[in-house]
Amino acid sequence: VVLIPYFIKDVPRWQGAVAAGAVRLPAYEGAARLRLLPIVAGELRYRDVAYFSSSEGLGYNLFKGRSYRIGTSLGYDIGRQERRGAELAGLGDIDPALELKFYAEKVLFPVVLRASARHTFDGSTGWSADFAAYLPVAGGKQFLVLAGPAVSVADSTANQRRFGVSAAQAQASGLPQYQAGGGVRNASLGFSATYFLDE
């Protein structure tokens, strides 16, 4: 989104998009077993100021310029269901919850830097953060390939929610009690390819 002003002189008042596809993900965060998940996504943006997106939530760009945007959004954490894996037996469900996010993006053309901090309203006080960079690695007027690394970090409270085992959970599951610490949650390298049919 932050790259749009580089390619479109006058950003339209309204922008919309709908997409469908499938993604192969771990059955739950930290699982070795994968599952294929169909997805339908959509978004609606007003003057690059306010937006509703199925991936980013309901958001507002507090500050923006041709090469940056800083804002906040309210989205959701889908949680985790115990039935997703036999290894989760006795650990209980993690209920879906609202998630507040603060984000910043900066273009050092052609590189885009992105950072965000998230807090989930689930009764805990944990925070997590994501850092990413991406840049075009191939393309022309109609074809574009982006690639870049990303890393997520979280404090001990946020990690305990996903990976820890409390005393009650240990008793119910037979697993040893475990206190998760803060630190790197995951790291990845992503690619995307886009072909523009017309202007």
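In segment 77-88, the residues that are free of Cβ contacts under 8 Å to residues at least 60 places away in the same chain reach residues that are open to solvent by 90 Å² or more (accessible area, probe 1.4 Å) with C-beta atoms within less than 7 angstrom, at least six apart or across chains, in these pairs: D77/P96; I78/P96; G79/D93; G79/D95; G79/P96; Q81/D93; E82/D93; G85/R33. Give the residues of segment 71-89 that are over 16 Å from the mean Cα position of the chain (by Cα) and either loosely packed, with under 13 Cβ neighbours inside 10 Å or modelled with pLDDT of 90 or more (or both), sorted by residue number. The answer is Q81, E82, R83, A86, E87, L88, A89.
Those residues that are among the polar types (S, T, N, Q) and open to solvent by 60 Å² or more (accessible area, probe 1.4 Å), I need them from segment 139-156; list them, please. Residue satisfying the conditions is Q142 alone.
Residue pairs whose Cβ atoms lie under 6 Å apart, separated by 6 or more positions or on different chains, with the first residue in segment 182-195 and modelled with pLDDT of 90 or more and the second open to solvent by 60 Å² or more (accessible area, probe 1.4 Å), are L189/P149.
Being surrounded by 12 or more Cβ atoms within 10 Å (Cβ to Cβ) and hydroxyl-bearing (S, T, Y) is a description that applies to S67. Looking across A97, A147, A129, one residue alone is in contact with an Asp or Glu (Cβ under 6 Å, 6 or more places away or on another chain) and of a type in the set (A, V, I, L, M, F, W, C). It is A97. If you go through segment 90-123 and pick out every residue that is touching a helix residue (DSSP H, G or I) at 6+ places or on another chain (Cβ under 7 Å), surrounded by 15 or more Cβ atoms within 10 Å (Cβ to Cβ) and free of Cβ contacts under 8 Å to residues at least 40 places away in the same chain, you end up with 0. Candidates A117, A170, A154: the one that is modelled with pLDDT of 95 or more, among the hydrophobic types (A, V, I, L, M, F, W, C) and closer than 26 Å to K64 by Cα is A117.
The values are calculated or read from the model by the stated rules, or taken from the named source; none is laboratory data. It should be emphasised that the depicted structure is a prediction, and the values quoted were computed from it without experimental measurement. When we count neighbours, we look across all protein chains shown, and the Cβ atoms used for this are built from the backbone with ideal geometry, even at glycine. Accessible surface areas use protein heavy atoms only, side chains included; no ligands, DNA or RNA. Shrake-Rupley method; radii C 1.70, N 1.55, O 1.52, S 1.80 Å.
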